[in-house]
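First comes the structure, then the notes that go with it.
The values are calculated or read from the model by the stated rules, or taken from the named source; none is laboratory data. On a predicted model such as this, the values are computed, not experimentally measured, just so you know. Neighbour counts run over all protein chains shown; Cβ positions are idealised from the backbone, glycine included. Side chains included, ligands, DNA and RNA excluded: accessible areas come from the protein's heavy atoms. Shrake-Rupley method; radii C 1.70, N 1.55, O 1.52, S 1.80 Å.
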Amino acid sequence: MRPRERGDTGQTDLLRSRLDAIIDMSHPLVKLARTIDWSFLEQRFGTVYEDKPGRPPLPTRLMAGLAILKHSYDLSDEMLCERWGENPYYQFFCGEEFFQHRLVFDRSSLTRWRQRMGEERLQALLQESLAVATKTEAIKPSDLNRVIVDTTVQPKNVMFPTDARLLNRAREILVRLAQRCGIKLRQSYARVGKFALIKHQRYAHAKQFKRANRALKKLKTYLGRIIRDISRKRGGNADLLQEIALSRMLLLARRVLDQKQRQRGRKVYSLHAPEVECIGKGKAHRPYEFGVKVSVATTLAHSKGGQFVAHVKALPGNPYDGHTLATVIPEIETLVGNTIERILADKGYRGHNAPPDYKFRVFTSGQKRHMTPKIKRELRRRSAVEPVIGHLKSDHRMERNYLWHREGDAANAILAAVGYNFRRLIQWLRLLLCQILHQLTSRIQLVPA
């Protein structure tokens, strides 16, 4: 069914006070809630529902508001549920008229809503954040014509991968799944596998690599024996879901067993998140990061409300930075509703594949041709995208992605940008309120007694 959208009915209750009667209506969250076009979000998100019998889903304003609050204030799902039950401003922002003493949603509802919306529809939140910024004069529409584009890595919630740990972990998971399926193994290698992993780590730390390689060979032997033992004894007695999980894990374990240190092509770096990629950005403190590459586009000009994120997109497959512009540029124009006049990028975008119409609109650091004094001045602001990326990671949950699969990578990147933009809008509305109060107090002081 379609969600039962709620609006401000204006009704009163003898036993409860309305939220607008007990909170400060000049609070930035209240002003932001009244500025957002919730009907636009209801229309965009409502396309995933059908008019069929069943339990109606939760209102769009509630779920969209929770997603905005979660990434604006860097909260986990559990912490968001606690804060929502305590904070009347959070409840007013999500469309409640009366204070709710109990949660009107479940924590798992947030996960299911993100999965149902997907990457394409979550872009509506980013589009609405830019519309609100334009409406509140935090940004000019012309500021969206010139953007800075850069890429970063969104790390996944995985441990640093080593061959020894992956081999031992694959063996442990296969043994556990075999027990659930009722397969009796010759040996689980639980004790000797643990000691082999410890020996490998100690020998590698001491730079005794011959001994470490012998321990690694033992781990490979144990995993190979488990794989062959399960393959021989598999039958059709297990549950279908358990059989599917066992088959998937056997495939991953074989890939872990066969992969080499310097092989080309895809490798397995995590068993619970096999989509993770190894990305090297050339940083001295962190040579390799494990996650997905993300393209970030910000406004070139520092507007009244600050620097806003105009577009974010997860790019699986670790593509070359310059080859991402063919995908990114049309999406930026669709999102902001303007034609991009100029794109500034770093040296990693040399040899880009931008569309033919934008061939001479992309400028990279160190470029000599087609440069004017104005473009040279603008290129000095190219590094302004770096602190924005830092805030996305440290303050808005892009530092470590806890959402599953490639869909989770894309959703987390977009929601981090949404949280960043709305946090800037909250600060802008607070600053705007302070300026208005300052002007009022100064006028009162000027009036003679």
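Simple spin-label model, 7 Å along Cα-to-Cβ: residue 338 to residue 105 in nm?
3.2 nm
Provide, as a two-decimal number, the C-alpha radius of gyration of the chain over 2.2 N^0.38 Å, N being how many residues it has.
Values: Rg = 26.8 Å, N = 449, 2.2 N^0.38 = 22.4 Å.
Relative to the rule-of-thumb radius for its length, the chain sits at 1.19.
To the nearest 0.05, how large is the calculated FRET efficiency for residue 381 and residue 281 if R₀ is 30 Å and r is the Cβ-Cβ distance?
Working: r = 21 Å, r/R0 = 0.72.
Between residue 381 and residue 281 the formula returns 0.90.
Please list the non-local residues whose amide H lies under 5 Å from the amide H of residue 49, H modeled 1.01 Å from N, same-chain partners needing a gap of 5 or more.
Under 5 Å from the amide H of residue 49: no residue qualifies.
What are the membrane-span-like helices in the chain by this rule: whole DSSP H runs, Cα extent along the axis at least 20 Å, mean Kyte-Doolittle hydropathy at least 0.5? Could the numbers behind the result be given before it?
Values: long enough: 107-135 (34 Å, -0.76); 163-180 (26 Å, -0.40); 190-205 (23 Å, -0.48); 209-233 (36 Å, -0.84); 240-258 (27 Å, 0.84); 405-446 (62 Å, 0.22).
Sorted by number, the helices that extend far enough and score high enough are 240-258.
Round to the nearest 0.05 the FRET efficiency obtained for residue 368 and residue 198 when R0 = 56 Å and r is the Cβ-Cβ distance. Please report the intermediate quantities before stating the final value.
On the way: r = 57 Å, r/R0 = 1.01.
For R0 = 56 Å, the calculated efficiency reads 0.50.
Testing the spin-label approximation: label points 7 Å from Cα along Cα→Cβ at residue 137 and residue 266. State their distance in nm.
Taking the two extended label points, one gets 5.3 nm.
Considering only C-alpha atoms, what is the centroid distance from the range 1-25 to the range 351-416, in Å?
The two parts, judged by their Cα centres, are 41 Å apart.
Using alpha carbon centroids, what distance separates the range 188-265 and the range 92-127, in Å?
The range 188-265 and the range 92-127 have Cα centres spaced 41 Å from each other.
Taking the C-alpha atoms of the range 68-211, how large are the radius of gyration and the largest Cα-Cα span, Dmax, in Å?
25.1, 71
Once Rh for the range 5-128 is found with the Kirkwood sum over Cα pairs, what is the Stokes-Einstein diffusion coefficient at 25 °C and 0.890 mPa s, in µm²/s?
Working: Rh = 15.4 Å.
D = 160 µm²/s.
How much length is gained if the chain between residue 180 and residue 207 is pulled fully straight, taking 0.36 nm per residue apart and subtracting their Cα-Cα distance, in nm to one decimal? Show your work: numbers first, answer last.
Numbers: separation 27, 0.36 × 27 = 9.72 nm, distance 3.95 nm.
Extra length available between residue 180 and residue 207 comes to 5.8 nm.
Using the Karplus curve 6.51 cos²θ - 1.76 cosθ + 1.60 with θ = phi - 60°, what ³J(HN,Hα) values do you get for each residue of the range 301-317, in whole Hz, with x for Gly and Pro?
7, 8, 6, 4, x, x, 9, 9, 8, 8, 6, 9, 8, 7, 10, x, x
May I ask you to list the GluC sites (Glu not before Pro) in the range 236-345 that are in a DSSP loop and have at most 14 other Cβ atoms within 10 Å of their Cβ? Display every interim value, and only then the final one.
Working: sites: 243, 275, 277, 289, 331, 333, 341; in loops: 275, 341.
Taking the range 236-345 and a limit of 14 other Cβ atoms within 10 Å, the loop GluC sites (Glu not before Pro) found are 341.
Sketch the reach of a paramagnetic label on residue 116 as a point 7 Å from Cα along Cα-to-Cβ, and name the residues of the range 72-101 whose backbone nitrogen lies under 13 Å away.
Of the residues in the range 72-101, none has backbone N under 13 Å from the label point off residue 116.
Whenever you get a sec, compute what percent of the accessible area on the chain sits on carbon and sulfur atoms (1.4 Å probe).
Working: 12460 of 24350 Å².
Solvent-exposed carbon and sulfur of the chain make up 51 percent of the total.
For residue 98, which sequence-distant residues (separation of 5 or more, or a different chain) have an amide H within less than 5 Å of its own amide H, given hydrogens modelled in the peptide plane?
Sorted by chain and number, the residues that satisfy this are 19.
Hey, got the dipole for the chain? About the Cα centre, +1 on K and R Cβ, -1 on D and E Cβ, debye to the nearest 20? Provide the component values of the computation, followed by the final result.
Details: 81 positive and 44 negative charges, 744 e Å.
In debye, rounded to 20, the chain gives about 3580.
Measure of size requested: the Rg and Dmax of the range 218-344, with Cα atoms as the atom set and Å as the unit; please supply both.
Rg, Dmax (Cα atoms, Å): 22.1, 68.
Any chance you could run the full-extension gain for residue 214 through residue 35? It's 0.36 nm times the residue separation minus the Cα-Cα distance, nm to one decimal. Numbers along the way, then the final one.
Numbers: separation 179, 0.36 × 179 = 64.44 nm, distance 6.50 nm.
Here the answer is 57.9 nm.
Counting only helical runs of four or more DSSP H residues, what would the 222 nm mean residue ellipticity of the chain come to if each run contributes -39,500 (n - 2.57) and the total is spread over all its residues? Please list the in-between numbers first.
Details: 15 runs with 228 residues, N = 449.
Mean residue ellipticity, 222 nm, calculated: -16500 deg cm²/dmol.
Subtracting the Cα-Cα distance from 0.36 nm times the residue separation, let me have the gained length for residue 86 to residue 145 in nm, one decimal. Write down the numbers at each step before the final one.
Working: separation 59, 0.36 × 59 = 21.24 nm, distance 4.15 nm.
Result for the pair: 17.1 nm of gain on full extension.
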